[in-house]
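The values are calculated or read from the model by the stated rules, or taken from the named source; none is laboratory data. Here the structure is a predicted model, which means the values were calculated and not measured. When we count neighbours, we look across all protein chains shown, and the Cβ atoms used for this are built from the backbone with ideal geometry, even at glycine. Calculation scope for accessible area: heavy atoms of the full protein, side chains included, ligands and nucleic acids excluded. Shrake-Rupley method; radii C 1.70, N 1.55, O 1.52, S 1.80 Å.
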Amino acid sequence: MIYKKSYAAQLISLNPPAREFAEAFAPSNIALCKYWGKKNLDLNIPATPSLSISLADRGTKVQLSIAPRNSLSINSKNITEESPAFKRTFDFLELFMAKNIKLAVQSENSIPTAAGLASSASFFAALTIAIDKLCNWQASLQTLSCLARLGSGSACRSLHHGFVKWLDYDDPFKSYGIPMNVRWEELRIGLLIFDDKEKSMPSRQAMLHTQNTSPLYQAWCNNSRTDFEVVHAAIKKKNFQTLGETAEYNALSLHAVMLSARPSIIYSQPETLKAISKIHALRQNSILVYFTQDAGPNLKLIFLENDLECILEDFPRMEVINPFSRVDNVES
Ligand code: 2P0
């Protein structure tokens, strides 16, 4: 069994900080084929491959400074030492820092926190890039992706813009986000936020509970592997209908397997189901719009720029994101 700390030490040499302050940004990512379950709990090795799209300038900025004591603030709000977010952040930082080094961590999200909008992914990705700068590791994006994965599995996909795949290799040194060399300028993601409060059960716990109790879990894994291949090929061919249909199906299968856990996990709210009906009605009228849903009630719509106006008529408060509006690397 390789433990987290020795795994990290095999990826980078654990230098003391080379400067007093560093900051970094990483985008949120939305999975079009979901990660839900692990082969290795300690190292966050996924049971199945997943594929995401990063949300350009929507994500998390992290500032790290050497300080007299450890502290964490999220969106200017001080997080107490007893809170799970504090413990998770500093357990992660302890993988890289000597015990006598104390850090002030300030994080700002441009996307709602803990509402199933993947903010832990962008947080741990940005935090990892910031540590790389603070300690002057000059590590590759591949290495940083492996390290970010230790904070939160899906964080390994937030090291890149655009489409990113994460394969289900057993070897932890091969478990990182791989950017796809495809730009799809017309693609849009719409955020339908019904509830931006803390979710009822955090993803990490919900994932484990599903894996441990659902009799349908193995079927989900088998299906999701097929969905991954179909989504991957559809992106390469820019076949929008196949991409949308398969991403939507993958999200609904994810919620089905959660319903089959004991006790069931239900993230949808009445607004979620109303919006799904409207999306299906739009498709009846030949507007190609699809959705995906993560560990929360909110929906993310997937459509092409041409259909934006029609879709806004039904969802006037939708936030629209062009995932390809940035051309630079995440680290720059
Ligand atoms: C995803 N989610 O692929 C899926 C879909 C939520 C729903 O990855 O335990 O916070 O830290 O590895 O990364 C959220 O899970 O879980 C997630 P850990 P993580 O985006």
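Between a first residue in the stretch 126-146 that is open to solvent by less than 10 Å² (accessible area, probe 1.4 Å) and a second residue that is outside any loop (DSSP other than H, G, I, E, B) and of a type in the set (Ser, Thr, Tyr), which pairs have beta carbons less than 8 Å apart while being 6 or more apart in sequence or on different chains?
Matching pairs, first to second residue: 126/60; 126/107; 126/158; 127/89; 127/107; 144/128.
On the basis of being over 25 Å from residue 306 (Cβ atoms), more than 19 Å from the chain's Cα centre (by Cα), of a type outside the set (Lys, Arg) and not in a helix (DSSP H, G or I), does residue 200 make the cut?
On the way: over 25 Å from residue 306 (Cβ atoms): yes; more than 19 Å from the chain's Cα centre (by Cα): no; of a type outside the set (Lys, Arg): yes; not in a helix (DSSP H, G or I): yes.
For residue 200, the condition - over 25 Å from residue 306 (Cβ atoms), more than 19 Å from the chain's Cα centre (by Cα), of a type outside the set (Lys, Arg) and not in a helix (DSSP H, G or I) - is not met.
Test residue 5 against the stated conditions and say whether it is assigned to a strand (DSSP E or B), open to solvent by 40 Å² or more (accessible area, probe 1.4 Å) and not acidic (Asp, Glu). Can you show your working first?
Details: assigned to a strand (DSSP E or B): no; open to solvent by 40 Å² or more (accessible area, probe 1.4 Å): yes; not acidic (Asp, Glu): yes.
No: the conditions fail for residue 5.
Among the residues of the stretch 316-332, is any at pLDDT 95 or above, farther than 30 Å from residue 25 by Cα and polar (S, T, N, Q)?
no
Pick from 124, 96: which is of a type outside the set (Ser, Thr, Tyr) and in contact with a Ser or Thr (Cβ under 6 Å, 6 or more places away or on another chain)? Explain how you work it out, then say what you get.
Values: 96 fails: in contact with a Ser or Thr (Cβ under 6 Å, 6 or more places away or on another chain).
Of the residues listed, the single one that is of a type outside the set (Ser, Thr, Tyr) and in contact with a Ser or Thr (Cβ under 6 Å, 6 or more places away or on another chain) is 124.
Mind listing whichever residues of the stretch 157-187 are buried (at least 18 other Cβ atoms within 10 Å of the Cβ), in contact with a Ser or Thr (Cβ under 6 Å, 6 or more places away or on another chain) and of a type in the set (Ser, Thr, Tyr)?
Once the filter is applied, which keeps residues that are buried (at least 18 other Cβ atoms within 10 Å of the Cβ), in contact with a Ser or Thr (Cβ under 6 Å, 6 or more places away or on another chain) and of a type in the set (Ser, Thr, Tyr), the stretch 157-187 yields 158, 176.
Residue by residue, here is whether (1) under 19 Å from residue 36 (Cα atoms); (2) touching a His at 6+ places or on another chain (Cβ under 6 Å); (3) of a type outside the set (S, T, N, Q); (4) away from the ligand (no atom under 13 Å from the Cβ) holds:
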residue: 108; (1), (2), (3), (4): no, no, yes, yes
residue: 122; (1), (2), (3), (4): yes, no, no, no
residue: 136; (1), (2), (3), (4): no, no, no, yes
residue: 149; (1), (2), (3), (4): yes, no, yes, no
residue: 155; (1), (2), (3), (4): yes, no, yes, no
residue: 162; (1), (2), (3), (4): no, no, yes, yes
residue: 166; (1), (2), (3), (4): yes, no, yes, no
residue: 171; (1), (2), (3), (4): yes, no, yes, yes
residue: 176; (1), (2), (3), (4): yes, no, yes, yes
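Can you tell me which residue in the stretch 8-35 is farthest from residue 257 (Cα to Cα), limited to those that are assigned to a loop (DSSP other than H, G, I, E, B) and of a type in the set (S, T, N, Q)? Spell out the reasoning first.
Taking the stretch 8-35 first, the residues assigned to a loop (DSSP other than H, G, I, E, B) are 12-20, 34-35.
Then drop every residue that is not of a type in the set (S, T, N, Q), which leaves 13, 15.
Details: 13: 41, 15: 44 Å.
The qualifying residue farthest from residue 257 (Cα to Cα) is 15.
Inside the stretch 207-243, can you point out the residues that are within 14 Å of the ligand (Cβ to nearest atom) and more than 20 Å from residue 166 (Cα to Cα)?
209, 210, 212
Scanning for something in contact with a strand residue (DSSP E or B) (Cβ under 8 Å, 6 or more places away or on another chain) and modelled with pLDDT of 95 or more, does the stretch 194-205 turn up at least one residue?
no
Can you find a residue in the stretch 146-166 that is charged (D, E, K, R), in a strand (DSSP E or B) and under 13 Å from the mean Cα position of the chain (by Cα)? Before you say what the answer is, go through the steps one by one.
To start, the set of residues in the stretch 146-166 that are charged (D, E, K, R) comprises 149, 157, 165.
Filter once more, keeping what is in a strand (DSSP E or B): 165.
Then drop every residue that is not under 13 Å from the mean Cα position of the chain (by Cα), which leaves 165.
Yes, some residue in the stretch 146-166 is charged (D, E, K, R), in a strand (DSSP E or B) and under 13 Å from the mean Cα position of the chain (by Cα).
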